[in-house]
Each structure stands twice: as C-alpha cells, then as structure tokens.
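Computed from the coordinates by the stated procedures, all read-outs in this text should not be read as laboratory data. For clarity, every value in this text was computed on a predicted model and none was experimentally measured. Counting neighbours? That spans all protein chains shown, and the Cβs are built from the backbone with ideal geometry, glycine included.
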Amino acid sequence: FDSFFVSNDLAIDRLCGDLLARLRAPNLSQRVISWLTDQGAEAEGLAALRLLRFTAADQLQDARIQAALEVVRNRQGGHSLRGFADQIVRELDDGSGVLSAPELAPPVLPDPVTRWTESSLLAAVSGGGGSVEKGQLAYERALCSRCHRFQQLGGGAGPDLTGVRARFSDIDLVRAIVSPSRDISDQYQWSIVTTEDDLGVGRILRREPDAMVLNTDPFGYQPLTMAGKIISVEPSPDSPMPPGLIDTLDEGQVRDLWAYLGNSTRIKDQIAPLRDNGKQGQ
C-alpha cells in the first residue's frame, strides 16, 4: 500500500497514511509535508495535519514543517485550518525553538451554573430539542473548542468530535464528559515524570536520556523542561480534560450543545461520494 500514498483519494490517503505512520515508514514526514502544501482542499489539509503528529522528525524536518504550516496559514480560504495548524505546532515542539506558534490567550471559564451528574445530564440531553447555532456558542463557552475540533472549529489537543454522536451513544458521551478520567486514551494521556530533584505532569513533547520537555497546560501551551536523570515515567491517572467544564452550561445550553454535536450534515456530504463510487464499482 506504500505506493498508494499520496493518491487523489482522501479515504485511501487517510488509511494508507495511518498504516505507514504505525509502521514507521522512512521519509514519511516529507511525504506528508508535500501532501499538506500541494493539496488546497480543507479536508486533505486536516488529514495531513493530523498525520504529522505521528511522524518522526528532526530539526531539519521541523524547519520544513514550519515552512509548510506558514503556507497553510497564508493560503486563501485556509482560515479554518490556522487554529489546528497552530495546535499541531505546539504538540510537535521539541523545545529547540525551530517550531513556533502564536501564544494562546488564557482561557476564561464562566462560573458554574449547574452541578451536572451522569443521570441529570443524560436526562437533559435525552429530551431532544436544542439549537445547532446556539450549540456552537455552548461549545466555546464550555472550552470544548480549546482542545477538540468539530468540523471547522476547535483545536487538536484532544480527540476530534466531528461525528461523535454517530460513533458513540449518549450515555458514553455523558460519562466521558462528567468523568473524563474514567477512560483515557493512550493517545492523549499525560505522563508523570520524576527526576532526582523534581516531578512534573504533562504531555511529553521531547524525550532524551537526561531531560524531558512537557506541555503542562491542558488548554494551551506551557513547556516545562525536566532536567536531570529520569527516575520514572508513569501514565497519569488524571485526564488532561478537567471535570466540571459542562457545569458552565444550563439545561438549555446543554441541549444546544447536543444538537450541535449531532449536526453531521458535512459528514453525510463527504460519505455520499464514497457510496456513489462504491455503487459504480459494483
């Protein structure tokens, strides 16, 4: 399947790219960079940006990535990719200073208005209703957009929520929101790093025999260098997503958020051509 990457078929490129990243294919970073800069469509750009996170790179490759991301930021119609590109830069930053992104403004979390439990939240969203348009405001108010991408909005520190209600049941989503530390994906889990003189918790950005660089800010980018002999590295039992973010929304806003997360119009538009192609091949 190596010869199929990069093709003109987004579904094939996503699948082949993921497999090549898992197999640590040589020179994959440069191929992904070329895919990112050559493709003008937003969907291809997003797929390439996501894949960059799982490719090995050195400082020379970092410089090429930085140049490619500048192309994305300045591309006409590329506004929706800029936030995601900046998030990717922060995740790839190894502390060398080659990759850089604009500083994020500190998040402002509104005061809690409701103390949601799993049962009360499930009852609220099961009632239906809600406004997709107002749901985007709720998505931003609860700081979902700082870490999660949904269609054209949001960052990339957490899982992409586009189509999430088609992939998971309401009870699964409610549990993940109310108790985010119950089930943490290895892909997004933070680490507890202990040295001879210090202890830090965060996402590992760079790992060396005598030092590590961690991002310690769940909502943005705050690098911490852990110097000295590394004694232990253990998975953190706490999710980088703090509990209680949903408490900033009232019942109406929660229903709006659910309506927004269930808005899969764009997904259906993307799936339809694939189905048509499948029928033509029968």
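Return the long-range amide H neighbours of Arg206 (sequence gap of 5 or more, or a different chain), with a cut-off of under 5 Å between placed amide H atoms.
Val213
Quick one: what are the phi-derived ³J(HN,Hα) couplings along segment 121-134, Karplus 6.51/-1.76/1.60 with θ = phi - 60°, whole Hz, x for glycine and proline?
Couplings: 5, 5, 5, 5, 6, 6, x, x, x, x, 10, 4, 5, 5 Hz.
How large is ³J(HN,Hα) for each residue in segment 18-23, as worked out from phi by the Karplus curve 6.51 cos²θ - 1.76 cosθ + 1.60 (θ = phi - 60°), to whole Hz, x for Gly and Pro?
The phi angles translate into 5, 5, 5, 5, 5, 8 Hz.
When ranked by the protection proxy of mean other Cβ atoms within 10 Å per residue, highest first, what sequence do the peptides 185-191, 239-245, 4-10 form?
Values: 185-191: 13.0, 239-245: 18.1, 4-10: 14.7.
Taking the mean over residues of other Cβ atoms within 10 Å, the ranking is 239-245, 4-10, 185-191.
For the residue pair Asp9 and Phe54, what label-to-label distance in nm results when each label sits 7 Å from Cα along the Cα-to-beta-carbon direction?
Result for the modelled spin labels: 1.9 nm.
Check Leu249: other-chain or 5+ apart residues with amide H under 5 Å from its amide H, H built from backbone geometry?
Val113, Thr114
Calculate the FRET efficiency for Ile231 and Arg22 from the Cβ-Cβ distance with a Förster distance of 35 Å, rounded to the nearest 0.05.
On the way: r = 30 Å, r/R0 = 0.86.
According to the calculation, E is roughly 0.70.
For a quick check: with amide H placed at 1.01 Å from N, whose amide H comes under 5 Å from Ile192's, ignoring anything fewer than 5 positions away on the same chain?
Glu234, Ser236
Would you tally the net charge around Met226, using a Cβ to Cβ cut-off of less than 11 Å, leaving Met226 out, and scoring K and R as +1, D and E as -1?
Details: positive: Arg206, Arg207, Lys229; negative: Glu196, Asp197, Asp198, Glu208, Asp210.
It works out to a net charge of -2.
Just to check I understand the Karplus step: with θ = phi - 60° and J = 6.51 cos²θ - 1.76 cosθ + 1.60, what whole-Hz values come out for segment 249-254, glycine and proline as x?
10, 8, 4, x, 5, 5
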